1. Do we find a residue being on the phi > 0 side of the Ramachandran plot and without any contact (Cβ under 8 Å) to a residue 40 or more places away in the chain anywhere in segment A:137-144?
2. Return a yes/no flag: does segment A:202-214 have any residue that is in contact with a Cys (Cβ under 7 Å, 6 or more places away or on another chain) and in a strand (DSSP E or B).
3. Is there a residue being buried (at least 24 other Cβ atoms within 10 Å of the Cβ), touching a Gly at 6+ places or on another chain (Cβ under 6 Å) and in a strand (DSSP E or B) anywhere in segment B:60-83?
4. Tell me, yes or no, whether segment A:84-103 has at least one residue that is buried (at least 19 other Cβ atoms within 10 Å of the Cβ), within 13 Å of chain B (Cβ to nearest Cβ) and free of Cβ contacts under 8 Å to residues at least 40 places away in the same chain.
5. Taking A:Ala231 as the residue in question, decide whether it is open to solvent by 20 Å² or more (accessible area, probe 1.4 Å), in a loop (DSSP other than H, G, I, E, B) and modelled with pLDDT of 95 or more.
6. Residues that are farther than 17 Å from A:Gly133 by Cα: find the helices (runs of 4 or more DSSP H) completely inside segment A:28-122 holding 3 or more of those.
7. Kindly indicate the residue of segment B:38-59 that is more than 10 Å from chain A (Cβ to nearest Cβ) and either open to solvent by 20 Å² or more (accessible area, probe 1.4 Å) or over 10 Å from the mean Cα position of the chain (by Cα) (or both) and also farthest from B:Arg119 (Cα to Cα) among those meeting that condition.
8. If I go through segment B:1-29 residue by residue, how many of them are basic (Lys, Arg) and either more than 13 Å from every other protein chain (Cβ to nearest Cβ) or not in a strand (DSSP E or B) (or both)?
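The values are calculated or read from the model by the stated rules, or taken from the named source; none is laboratory data. Remember, predicted model here, so these are calculated numbers, not experimental data. In this analysis, Cβ positions are derived from the backbone assuming ideal geometry, glycine residues included, and neighbour counts consider all displayed protein chains. Remember, those area values only see protein heavy atoms, side chains included, never the ligands or the DNA or RNA. Shrake-Rupley method; radii C 1.70, N 1.55, O 1.52, S 1.80 Å.
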Amino acid sequence: MKARAFSYFRPATITEALTVFAVAGGEASYIAGGQSLVPALALRLQAPERLVDIAHIDALRGISLEDGWLRLGALTRHVEAHDDPLIAAHAPLLALAAPHVAHPAIRNRGTLGGSVALADPASEFPAMMLAMGAEMEIAGTEGTRRVPADSFFLDLYQTALEPGELLVAFHIPAAGPEHRCAFDELARRRGDYAIVGCGTMLTMSGAETSSARIAFLAVGATPVRARAAEASLVGRRLDSETIRSAQAALAEDLDPPDDEQVPAAMRLHLARVLLGRLLGSLAEAA
Amino acid sequence: MTTLRPLSLMVNGETLTCFAEPRETLADLLRRGLELTGTHTGCEMGVCGACLVMLDGAPVHACLLFAVQAEGSAIETIEGLTAKTAIADLQCAFHDRNALQCGFCTPGMLVTAQALLARNPQPSRAEIRDALSGNYCRCTGYEAIVDAIETVARRRAAGEVAAAFAEEPA
């Protein structure tokens with residue numbers, strides 16, 4: 001239960017971090033909060049020769065609202081997602097999901113950037129980035145680029161981040177009064193990985209839904225958008241008939257794997273139950 | 001690669017300079033290097049909560065932090081919290097209510113309880129249980145632990161101050 005020996009670097013800037021990583025020739029890992037990485041090192045699932053600690057790079061911090069976009073530095077901690085008033089107002093899905101992420105002490109250290117870069121398909125924050133239509137700001141030795149969440153999550157633990165690239169910030173379209181958001185998950189015990197979880201963000205135009213984004217976690221190799229269910233809501237009132245049609249549409253959207261504890265059919269059923277609850281709560285809130 | 005790095009930390013109010021291998025966790029440094037063995041190492045993978053310490057005022061797992069990462073931070077262990085009598089009332093309430101059996105989880109429970117009450121002075125039982133969700137008691141004495149924390153919340157709200165906790169003579 002002890003990590004293999006490694007060398008440790010604490011760069012002060014993004015440029016320095018990229019360089020320190022690059023010269024390691026692929027045998028390095030970035031560490032921020034370390035709440036997933038340190039257990040992986042202790043169990044020797046990973047054994048990099050070099051650890052590049054990015055937790056002290058100021059450019060990776062900060063929460064600000066500009067021109068209708070909320071910018072969250074990658075080092076924003078889970079506890080801030082829970083507590084920050086700007087996040088509560090403009091990225092409410094993060095605030096709603098935060099209490100479900102691990103346990104309080106983990107949330108004090110864990111970072112949004114680390115969670116999203118790891119891209120565990122059963123994690124809450126990657127799926128919420130998808131549900132909110134966030135864009136990831138990524139720095140590399142060639143410069144900076146922005147990748148939308150829809151093309152960021154590629155496969156199990158695989159993202160659009162190239163080796164050595166650094167997730168710098170999230171740019172999230174700021175939610176306003178026309179948006180209605182809900183999150184929930186089904187887990188055997190609080191803090192455990194969810195059997196299924198869902199974030200839903202509706203844009204309302206009067207009583208009708210004008211657009212919808214729905215993302216599920218723990219239903220496959222990546223977080224998954226439920227596009228057929230989204231389409232079934234658009235242009236309609238959020239009544240029980242519409243909700244039933246969205247639940248039915250999930251058969252087109254989700255193809256969950258079979259596992260020993262949760263057969264695929266059960267997971268799809270639970271996803272429908274969960275979506276029904278979330279949409280029901282949003283209909284009542286109207 | 002057993003290179004030692006010099007390290008400056010504030011531990012229980014005292015600035016220390018020491019040396020650590022990068023792979024040494026804060027929990028191991030506290031226990032082995034500084035002989036602060038109240039920080040317990042149970043699972044060493046961030047699950048059991050026995051190694052919680054305050055890092056810059058917030059509870060974190062000392063097993064999920066390499067000591068070198070804590071360079072420049074202020075750490076408070078269960079020994080520090082005890083010495084400044086910040087948790088004397090919690091310790092008395094745990095004692096009175098028999099909220100510890102083997103005692104292995106107790107330091108982590110106390111750190112969690114102290115942080116919970118700082119953030120939410122009058123938590124419901126459900127909120128106490130939720131706050132304790134990352135602290136395992138393998139004696140399964142949870143009911144008494146929740147009782148003790150609830151009692152302290154009530155006493156603090158009433159302005160009661162506890163005397164420093166003293167161990168009974170053997």
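1. The answer is yes; a qualifying residue exists.
2. Checked against the condition, which is being in contact with a Cys (Cβ under 7 Å, 6 or more places away or on another chain) and in a strand (DSSP E or B), segment A:202-214 yields at least one hit.
3. yes
4. yes
5. No; evaluated as a whole, the condition is false for this residue.
6. A:37-42, A:78-83, A:104-109
7. In this case the residue turns out to be B:Gly42.
8. 1
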